[in-house]
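Asker: Sharing a structure, written as C-alpha cells. Questions coming.
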Amino acid sequence: LEGALNALGKVGLMLNVEKARLDQVLAVLPALKTPTISQLSDAEWVAVNTILDESTVRLIIPRLKEAGAQG
C-alpha cells in the first residue's frame, strides 16, 4: 500500500537509443535516478527504462529527443 502511495505523481519513461548516443541521453536524466538499460534485437540499440516525477518528464522529453532518444 505504501508503494502505491509513493507512486503518486510518478511515471514510467521508456525510450530507445543508439549505444553511441547513450551517454548523451543518460546525462539528461536526473542524477539520482538509475535507469534499467536492456539490449535490443539490433546490437547497436538499447532500451532505457526509468521512473521519474511526472513534472520532470514533461520538461526533459525535448532534451532527450535532442540527445538521440526515440520512441
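FYI, it's all coordinate maths here, none of it is from the lab. This structure is a prediction, so every number in the text was calculated from the model and none was measured. Cβ coordinates were reconstructed from backbone atoms using ideal geometry, including for glycine residues, and neighbour counts include every protein chain displayed.
Asker: Over the chain, calculate the relative contact order: mean separation of alpha carbon pairs under 8 Å at least 6 apart, over the residue count, as a percent.
Answerer: About 45 percent, as a whole number.
Asker: Pull out the extension gain between Leu59 and Thr36, defined as 0.36 nm times the separation in residues minus the alpha carbon to alpha carbon distance; nm, one decimal.
Answerer: That works out to 6.2 nm of additional length.
Asker: Dipole of the chain (Lys/Arg Cβ +1, Asp/Glu Cβ -1, origin at the Cα centre): which of Pro35, Leu5, Asn49 lies farthest to the positive side?
Answerer: Leu5
Asker: Charges at C-beta only: +1 for Lys and Arg, -1 for Asp and Glu. How large is the resulting dipole of the chain about its Cα centre, in Debye rounded to 20? Kindly include the intermediate steps, with their values, before the conclusion.
Answerer: Numbers: 7 positive and 8 negative charges, 28 e Å.
That gives a dipole near 140 debye.
Asker: Same structure again: Can you give the net charge of the other residues whose Cβ lies under 10 Å from the Cβ of Val25, counting K and R as +1 and D and E as -1?
Answerer: With Lys, Arg at +1 and Asp, Glu at -1, the net is 0.
Asker: To continue, here is another question. What's the angle, to the nearest 10 degrees (0 to 90), between helix 54-67's Cα axis and the longest principal axis of the chain?
Answerer: The angle comes out near 10 degrees.
Asker: Rounded, prolate or oblate: which fits the chain when a ≥ b ≥ c are the square roots of the eigenvalues of the alpha-carbon gyration tensor, with rounded for a/c under 1.5 and prolate only if a/b beats b/c?
Answerer: Working: a/c = 2.47, a/b = 1.65, b/c = 1.50.
Prolate.
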